[in-house]
1. Quick check on this structure: which one of 118, 127 is at pLDDT below 90, over 14 Å from the mean Cα position of the chain (by Cα) and not acidic (Asp, Glu)?
2. Sort out which residues of the range 99-120 are closer than 20 Å to residue 153 by Cα and among the hydrophobic types (A, V, I, L, M, F, W, C), and write them in order of number.
3. Can you spot a residue in the range 79-89 that is hydroxyl-bearing (Ser, Thr, Tyr) and over 19 Å from residue 148 (Cβ atoms)?
4. Name the residue that is farthest from the chain's Cα centre (by Cα), counting only residues in the range 133-189 that are free of Cβ contacts under 8 Å to residues at least 12 places away in the same chain and assigned to a loop (DSSP other than H, G, I, E, B).
5. Being within 15 Å of residue 59 (Cβ to Cβ) and not hydroxyl-bearing (Ser, Thr, Tyr) is the filter here, so list the residues in the range 87-117 that pass it.
6. When you scan the range 107-143, how many residues do you find that are of a type in the set (D, E, K, R) and out of contact with any helix residue (DSSP H, G or I) (no Cβ under 8 Å at 6 or more places or on another chain)?
7. Which members of the range 49-69 meet the condition of being touching a helix residue (DSSP H, G or I) at 6+ places or on another chain (Cβ under 6 Å) and either basic (Lys, Arg) or free of Cβ contacts under 8 Å to residues at least 60 places away in the same chain (or both)?
Amino acid sequence: MEQITLTCPACGREINVPAELESFSCVYCGAKHRMAELRAPAAPADEADRAYVEAHLLDCIRDYPDYYKEFTRKKYAAAFEAHREGTRETWEALDRWVCAQPARREALLEEFAELFVQQWEDFHLSQQKARTKHARERLAFANKLTLAWFTVPALRSLGLSVGEDFSCLLRDRFNARYPKNIFNVGTYEEIQGGFRRRGLAGLFKK
């Protein structure tokens with residue numbers, strides 16, 4: 001029985017599949033796929049996608065000042081959905097750019113995780129309202145809450161092939177740069193459950 005190796009668009013893992021199958025489910029994440037769609041040539045990389053991501057990567061923070069204040073039991077669901085839809089275009093552009101270059105997948109994700117952290121630092125240094133080190137640290141802490149409670153869970157909820165890997169790389173790069181201000185990746189469902197259990201501290205523990 002002939003086997004072919006394909007990349008699951010949902011989780012990014014390589015899977016071996018019998019060539020005669022018309023449809024199948026990923027053994028890692030369970031996503032269902034049609035063979036004809038996965039064997040079709042990948043769309044060429046579009047430089048416009050890269051440029052868009054570079055320009056909008058930090059919009060998830062820049063466009064949502066003081067968004068951590070929306071993190072209440074009553075407001076969270078609506079605020080999460082607004083953030084998710086407001087940042088969707090950036091993450092979809094990142095997904096297209098990376099998926100069009102499977103041989104460079106890991107390097108591209110590393111590159112954009114580093115870019116995010118650099119843009120984060122540049123943004124906080126440029127804020128006129130945070131002129132002192134203490135003020136910048138307070139602003140960065142508030143924005144880290146937005147990152148942990150909204151940005152990363154929203155990205156993970158979109159079902160994109162880059163979602164899990166980029167979220168974990170972003171966490172690793174961020175925590176390496178700011179070891180006193182770490183965060184962990186979570187999901188919308190885990191956070192909603194935390195409201196019920198009053199247990200969300202794990203998002204900020206080593």
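The values are calculated or read from the model by the stated rules, or taken from the named source; none is laboratory data. Please read all numbers here as calculations on a predicted model, not as lab measurements. Counting neighbours? That spans all protein chains shown, and the Cβs are built from the backbone with ideal geometry, glycine included.
1. Matching residue, one of 118, 127: 127.
2. Within the range 99-120, 109, 112, 113, 115, 116, 117, 120 meet the criteria.
3. For the range 79-89, residues hydroxyl-bearing (Ser, Thr, Tyr) and over 19 Å from residue 148 (Cβ atoms): absent.
4. In this case the residue turns out to be 180.
5. Of everything in the range 87-117, those that are within 15 Å of residue 59 (Cβ to Cβ) and not hydroxyl-bearing (Ser, Thr, Tyr) turn out to be 88, 89, 91, 92, 93, 94, 112, 115, 116.
6. 6
7. 49, 50, 52, 53, 56
Residues checked against (1) closer than 27 Å to residue 176 by Cβ; (2) surrounded by 15 or more Cβ atoms within 10 Å (Cβ to Cβ); (3) outside the structural domain of residue 138 (by TED's automatic domain parsing); (4) modelled with pLDDT under 90:
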residue: 7; (1), (2), (3), (4): no, yes, yes, yes
residue: 16; (1), (2), (3), (4): no, no, yes, yes
residue: 55; (1), (2), (3), (4): yes, no, no, no
residue: 89; (1), (2), (3), (4): no, no, no, no
residue: 108; (1), (2), (3), (4): yes, yes, no, no
residue: 112; (1), (2), (3), (4): yes, yes, no, no
